[in-house]
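Take a look at the structure below.
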Amino acid sequence: MIWKYNGEEISDIDQFPEGTFGFVYRIYHKPSGKAYIGKKVLYHSLKKKLTKKELAEIEGQGRRPSYKLTVKESDWKYYWGSNKTLLELKKTSSADDFEKTILKLAPDKKLLTYYETKYLFVYEVLEKPDNFYNDNILGKFYSKDFQNEISI
């Protein structure tokens with residue numbers, strides 16, 4: 001299943017503009033008419049323990065670090081979100097039943113979270129549970145909060 005952005009298929013990390021940290025996405029399940037909105041980073045920073053040889057090379061330069069930071073491409077190509085219902089549907093449905101769309105690119109972690117939150121509120125994902133699989137925003141706002149809403 002390939003991601004689409006502005007009508008073009010994205011299958012390689014080199015297709016993203018330089019400086020892209022991550023993206024906000026929508027996965028749409030055609031048979032149910034429901035979608036899921038989330039975010040995904042393109043790279044992960046990993047702590048790797050230094051080898052004995054690497055430790056020997058930095059001997060005598062003050063306090064020795066015990067690890068180094070390395071950057072690795074994430075699993076963005078094959079990512080399906082964290083929603084359990086959507087992940088179960090993926091197991092029982094055909095790939096043709098889904099559309100994976102990139103809504104917005106972000107240059108850093110802070111803006112990535114901002115844009116995800118913006119799209120979740122703009123699409124009213126908590127107020128329209130028949131249209132979206134999302135059930136919370138930032139772990140603070142939940143779809144169940146709207147069950148006892150007072151109408152004026």
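The values are calculated or read from the model by the stated rules, or taken from the named source; none is laboratory data. Everything numeric here is computed off the predicted structure, so don't read it as measured data. Here the Cβ is made from the backbone with ideal geometry for all residues, glycine too, and neighbour counts use every protein chain on show.
Once the stretch 58-81 is narrowed to residues that are of a type in the set (Ser, Thr, Tyr) and exposed (fewer than 10 other Cβ atoms within 10 Å of the Cβ), the residue that is nearest to Gly22 (Cα to Cα) is Tyr78.
Counting only strands (runs of 3 or more DSSP E) that sit wholly inside the stretch 34-124, those with at least 3 residues that are within 21 Å of Glu8 (Cβ to Cβ) are 34-41, 98-106. The residue that is modelled with the lowest pLDDT, among those in the stretch 125-150 that are in a strand (DSSP E or B) and of a type in the set (A, V, I, L, M, F, W, C), is Phe141.
Scanning the stretch 27-77 for residues being closer than 30 Å to Lys128 by Cβ and either touching a residue at least 24 places away in the same chain (Cβ under 8 Å) or touching a Cys at 6+ places or on another chain (Cβ under 7 Å) (or both) gives a total of 19. Based on this model, can you work out whether Leu55 counts as modelled with pLDDT under 95, of a type in the set (A, V, I, L, M, F, W, C), surrounded by 15 or more Cβ atoms within 10 Å (Cβ to Cβ) and over 21 Å from the mean Cα position of the chain (by Cα)? No: the conditions fail for Leu55.
Kindly indicate whether Thr101 is surrounded by 14 or more Cβ atoms within 10 Å (Cβ to Cβ), within 20 Å of Lys128 (Cβ to Cβ), free of Cβ contacts under 8 Å to residues at least 40 places away in the same chain and not aliphatic (A, V, I, L, M). Considered against the rule, which asks whether it is surrounded by 14 or more Cβ atoms within 10 Å (Cβ to Cβ), within 20 Å of Lys128 (Cβ to Cβ), free of Cβ contacts under 8 Å to residues at least 40 places away in the same chain and not aliphatic (A, V, I, L, M), Thr101 comes out as no. Those residues that are of a type outside the set (A, V, I, L, M, F, W, C) and in a strand (DSSP E or B), I need them from the stretch 13-33; list them, please. Scanning the stretch 13-33 gives Gly22, Tyr25, Arg26, Tyr28, His29.
With the condition kept exactly as written, say whether any residue in the stretch 108-120 is modelled with pLDDT under 95 and exposed (fewer than 11 other Cβ atoms within 10 Å of the Cβ). No, the stretch 108-120 has no match at all.
Check the stretch 24-41 and report whether any residue there is more than 17 Å from the chain's Cα centre (by Cα), over 19 Å from Leu86 (Cα atoms) and of a type in the set (Gly, Ala, Ser). No, there is no match, as no residue in the stretch 24-41 is more than 17 Å from the chain's Cα centre (by Cα), over 19 Å from Leu86 (Cα atoms) and of a type in the set (Gly, Ala, Ser).
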